[in-house]
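The block underneath contains the structure these notes are about, expressed in structure tokens.
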Amino acid sequence: MTSLGFALRMAAREVRASPRRLLLLTASVAVGVAALVAINSFTANLRDSVRRQAQGLLGADLSLESRQPLPAVAERLIDTLVSRGAKEARVTNFSAMGYVPRTDGTRLVQVAAIRGGYPFYGEIRTDPESAWSALQRGRHAVVDPALLAALRSRVGDTLALGEARFVITGTVASAPGNVGLRAAFGPRVYIPARYLQETGLLGFGARAEYEAYLRLPGSIAAQAIARERGPTLRAERVRVRTVEDDRERLNETLSRLTGYLGLVALIALLLGGIGVASAVVVFIRQRMDTIAVLRCLGATGGRVLGVYGAEAAGMALAGSLLGAAAGVLFQQALPGLLSDLLPVDVETSVSWSAIALGVGMGLWVASVFALFPLLAVRRVPPLAALRRDYETDSLPRDPWRWLVALALAASTVALASLQVGSGRQGAVFAGGVAVALLVLWASSWALVRAARRWLPGGLPYLWRQGLSNLHRPSNQTVTVVLAIGFGAFLLGTLILVQLNLLDQLRLTGGPARPNLVLFDIQPDQLPTVERSLREAGLSASDPVPIVPMRIASVKGRPVQRMLADTGQNAAWALRREYRSTYRDSLVSSERLAAGAWWTPRAPGSDGRNGYRISMESGLAEEIGVGVGDEIVWDVQGIRIPTRVASLREVDWARFEPNFFVVFEPGSLEGAPHTLVTLTRIERPTDRGAFQRRLAERLPNVTTLDLSVVQEALERLVDRVVLAIRFMAGFTLATGTLVLVGALATSRFQRIREGALLRTLGATRSQIFRIVLAEYFALGAMAAAVAALLSLAAAWALAKWVFEGRFSPQPMSLAALVLGVVSLTVLVGLLNSREVIRRTPLEVLRGE
């Protein structure tokens, strides 16, 4: 018989003889593969949905967008395309206060004024179905259902928008790209564009976006137009969008999200590899007699390795296939978890490529981890068949283990790079995993040394005996701390990051924290606003002036030329309209990063040589300026030269009037401007009543209830974290399996020790407390190290990724530590039931 045939035949016999013993190996692989297949299948479905629905998301073949009415060059292009057979639609988007005269309350809404047959692709589904087709037949409005709930209104009511009135004829059931972030700042309202001027809401200072949508005939390619006319249109601050551009951007953004979820799944698979190694160690120790007999009968070390390697590979393949089947089922839950974040409707289907990739990764990782203990069977001596008690306590080391370790490290980098699509990020991830595992290993090593050398003599005997088990031969201290600690570290990091993000959004922290913003106030309306505040018994912050402007040139270079030479993705800083202010001091949400704040000018001096400005540091980096550089601004047609005096870091997470650019006093006082002020109203009903009264008096003044924004953002953050925790649950499940496997590695030795203690007079209760002490120490060490690692990782993420403040959240960490300790103790006690129950005579007879 050939070596391969012998190995396969023997492996099959071993599996048939003890299938339950290999169940742990199979389960460890299955959980990790299930997580990978679930996320990779979902990613494949998501990309397919983006490919099919991208045209419906845009609603046209080509769109032109601007913060001002489209310039002449854009209008000429549209006229040319229409003359060649294209169809045109227009949408004007702006914010306004909406209310229903029949009911109380008001709400900030996002208005879309429609002209033409928008959308040309996809559909806006309404209830009733005829509401969208009937929108243009009169003063009709189709609204988000959330608006009806907020205003306690119904279809058929009259909706007030500024000076105009519209009949609500239906609600939006589904609209392209209507994700949760858009609704955070107000529900959508669709009206006919021909009544737009009647609202009176597009006066000076109003923020609006003007969009033209074009359906092109087959003879005209949208991409060709974007390439040919894009530089000219960008120079006029017009954004050009095509279906292909949107598809690429969506794929890039969504793939990044699913890629990081995939990394969480990969961690579960790597932990599963540790479980595989534990399971193989148990199995090899149980089969040591068989291995020694095979060596006595002439089997070489390589052939014995082939037998058990084939057995491990077969079970790993079975676990991978089982995990793939489970992953296909689990993927059904992901679209629901991420529904508020996805601009497309994801239709789930079986992705054979994701299944093949998951099975292949599971088989490879399991095989590499299994090789660590399997290599030792090559050096089991034949004499072990006669001297089992002296030859099997430890397996000899093998230099080939270094090669296996190198293959494992390279595999981790390669698999992580494959998940996120970046070799650099894959290497960073692998390095982070290595550091976390190294810290956990060092902690477990320190625990073993401490238990051996510095065990307090004053402790009760049962506690000293339990802690001594941490350094007994064949102890599982390192494996338990690695498995449970790594899973707890991941979950702890997620919890801390989530709580810190939500803390930055919280508005109810103090009685002086504003929760209502009033903006778009015209200077002549300020007395009316102040009178309304006084009548309501409210105080407000000092009004802050806001002056709209655009960049005209940077360091002597006209912005039109810069836009023509700049890629569309990097042009936002040059194309956008800025809303700046002027003041003489920093505010609490700002910190000076470079340069110096201005001092008052000498009497008689002016800004002819350039007014001083302070710029947000990220914006300065984006447009390539520093302290001392010149920027010329276009303020309603007047050029104002400035020089950068300082750079600021701004805490954008604080809901306060923050600005990219702040001018020195004396620079903008004569420019047309609007005002913004903030106040605080404790009760939601009182906030709603005040907003309603102000909307009736001053329809153009917009009020934003920050508590509503906070709640919406918290829901979105919770949704993201829920999806990540769903994937992290696989990691925790794998860690529990690894814990079971680690305990099984010393099961037979524990049974003998328990029998010896019973023979010496120990009761079951005493043995129970010994086991309890051991697993309490293991769980406490794993939880403590995981908590410290979580603190370090969450702090780094808060500082370098989210650029916000960090709070350690001690209560949440304490709950995590308690949960990890309880889980370790529970699993340890359940796995030690036989140690406690078995009688001494039963064990000795078994020997």
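Is segment 188-206 home to any residue that is assigned to a strand (DSSP E or B), of a type in the set (Phe, Trp, Tyr) and in contact with a strand residue (DSSP E or B) (Cβ under 9 Å, 6 or more places away or on another chain)? Let's see the steps before the verdict.
The initial filter retains those residues of segment 188-206 that are assigned to a strand (DSSP E or B), namely 188-192.
Retained after the next criterion (residues that are of a type in the set (Phe, Trp, Tyr)): 190.
From the residues that got through so far, the ones that are in contact with a strand residue (DSSP E or B) (Cβ under 9 Å, 6 or more places away or on another chain) too are 190.
Looking through segment 188-206, at least one residue is assigned to a strand (DSSP E or B), of a type in the set (Phe, Trp, Tyr) and in contact with a strand residue (DSSP E or B) (Cβ under 9 Å, 6 or more places away or on another chain).
Out of the residues in segment 611-629 that are in contact with a helix residue (DSSP H, G or I) (Cβ under 8 Å, 6 or more places away or on another chain) and within 22 Å of residue 584 (Cα to Cα), state the one that is most open to solvent (accessible area, probe 1.4 Å). Steps first, please.
In the first step, residues of segment 611-629 are kept if they are in contact with a helix residue (DSSP H, G or I) (Cβ under 8 Å, 6 or more places away or on another chain); the result is 619, 622-623, 626.
If we keep only those that are within 22 Å of residue 584 (Cα to Cα) too, we end up with 619, 626.
On the way: 619: 2, 626: 20 Å².
Selected residue: 626.
Selection of first residues in segment 238-256 that are part of a strand (DSSP E or B) and of second residues that are open to solvent by 50 Å² or more (accessible area, probe 1.4 Å) and modelled with pLDDT of 80 or more, restricted to Cβ pairs under 6 Å at least 6 apart or on distinct chains, gives the following pairs, ordered by first then second residue: 242/223.
Based on what the data block shows, is residue 55 part of a helix (DSSP H, G or I), open to solvent by 10 Å² or more (accessible area, probe 1.4 Å) and in contact with a Phe, Trp or Tyr (Cβ under 8 Å, 6 or more places away or on another chain)?
Values: part of a helix (DSSP H, G or I): yes; open to solvent by 10 Å² or more (accessible area, probe 1.4 Å): yes; in contact with a Phe, Trp or Tyr (Cβ under 8 Å, 6 or more places away or on another chain): yes.
For residue 55, the condition - part of a helix (DSSP H, G or I), open to solvent by 10 Å² or more (accessible area, probe 1.4 Å) and in contact with a Phe, Trp or Tyr (Cβ under 8 Å, 6 or more places away or on another chain) - is met.
What about residue 706, is it open to solvent by less than 20 Å² (accessible area, probe 1.4 Å) and over 17 Å from residue 537 (Cα atoms)? Criteria met by residue 706.
Contact map, segment 805-818: residues that are more than 19 Å from residue 778 (Cβ to Cβ) paired with residues that are open to solvent by less than 60 Å² (accessible area, probe 1.4 Å) and assigned to a loop (DSSP other than H, G, I, E, B), Cβ distance under 9 Å, separation 6+ or inter-chain. Pairs shown: 805/651; 805/653.
Criterion applied to 607, 595 was being crowded, with 16+ Cβ neighbours inside 10 Å, over 19 Å from residue 65 (Cα atoms) and at pLDDT below 80, and the one residue passing it is 607.
Residue-by-condition table, conditions (1) at pLDDT 70 or above; (2) assigned to a loop (DSSP other than H, G, I, E, B); (3) within 30 Å of residue 247 (Cβ to Cβ):
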{"position": "349", "(1), (2), (3)": "yes, yes, yes"}
{"position": "356", "(1), (2), (3)": "yes, no, yes"}
{"position": "365", "(1), (2), (3)": "yes, no, no"}
{"position": "369", "(1), (2), (3)": "yes, no, no"}
{"position": "376", "(1), (2), (3)": "yes, no, no"}
{"position": "390", "(1), (2), (3)": "no, no, no"}
{"position": "396", "(1), (2), (3)": "no, yes, no"}
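In segment 329-342, the residue that is nearest to residue 36 (Cα to Cα) out of those that are of a type outside the set (S, T, N, Q) and open to solvent by less than 30 Å² (accessible area, probe 1.4 Å) is 334. Residue 445 meets the stated requirement of being under 22 Å from residue 279 (Cα atoms), out of contact with any Asp or Glu (no Cβ under 6 Å at 6 or more places or on another chain) and at pLDDT 75 or above. Exactly one residue out of 249, 295 is more than 20 Å from the chain's Cα centre (by Cα) and open to solvent by 20 Å² or more (accessible area, probe 1.4 Å), and it is 295. Out of all the residues in segment 44-52, is one or more open to solvent by 10 Å² or more (accessible area, probe 1.4 Å) and more than 23 Å from residue 175 (Cβ to Cβ)? Taking every residue of segment 44-52 in turn, at least one turns out to be open to solvent by 10 Å² or more (accessible area, probe 1.4 Å) and more than 23 Å from residue 175 (Cβ to Cβ). I need the full set of residues from segment 776-800 which are under 11 Å from residue 500 (Cβ atoms) and free of Cβ contacts under 8 Å to residues at least 40 places away in the same chain, in order please. Across segment 776-800, the qualifying residues are 795, 799.
Conditions tested, residue by residue: (1) within 17 Å of residue 783 (Cα to Cα); (2) without any contact (Cβ under 8 Å) to a residue 12 or more places away in the chain; (3) in contact with a helix residue (DSSP H, G or I) (Cβ under 6 Å, 6 or more places away or on another chain); (4) open to solvent by 30 Å² or more (accessible area, probe 1.4 Å).
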| position | (1), (2), (3), (4) |
| --- | --- |
| 417 | no, yes, yes, no |
| 420 | no, no, yes, yes |
| 425 | no, yes, no, yes |
| 430 | no, no, yes, no |
| 438 | yes, yes, no, yes |
| 450 | no, yes, no, yes |
| 456 | no, yes, no, yes |
| 470 | yes, no, yes, no |
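So residue 152 ticks every box in (1) of a type in the set (Lys, Arg); (2) under 34 Å from the mean Cα position of the chain (by Cα); (3) within 24 Å of residue 709 (Cβ to Cβ) but one. Which box is left unticked? Result: residue 152 passes all but (2).
Inspect all residues belonging to segment 775-785 and state whether any of them is at pLDDT below 70 and either surrounded by 23 or more Cβ atoms within 10 Å (Cβ to Cβ) or among the basic types (Lys, Arg) (or both). Outline the logic, then answer.
Applying the first criterion (at pLDDT below 70) to segment 775-785 yields none.
Scanning segment 775-785, I find no residue that is at pLDDT below 70 and either surrounded by 23 or more Cβ atoms within 10 Å (Cβ to Cβ) or among the basic types (Lys, Arg) (or both), so the answer is no.
Kindly establish whether residue 103 is polar (S, T, N, Q) and within 34 Å of the chain's Cα centre (by Cα). Spelling it out, it is not the case that residue 103 is polar (S, T, N, Q) and within 34 Å of the chain's Cα centre (by Cα). The single condition among (1) crowded, with 17+ Cβ neighbours inside 10 Å; (2) farther than 30 Å from residue 636 by Cα; (3) in contact with a helix residue (DSSP H, G or I) (Cβ under 7 Å, 6 or more places away or on another chain) that residue 141 does not satisfy is (3).
The values are calculated or read from the model by the stated rules, or taken from the named source; none is laboratory data. Predicted model, so just to flag it, every value in this text is computed and none were measured. Cβ atoms come from the backbone with ideal geometry, glycine included; neighbour counts cover every protein chain shown. Keep in mind that these areas ignore ligands, DNA and RNA; they rest on the heavy atoms of the full protein, side chains included. Shrake-Rupley method; radii C 1.70, N 1.55, O 1.52, S 1.80 Å.
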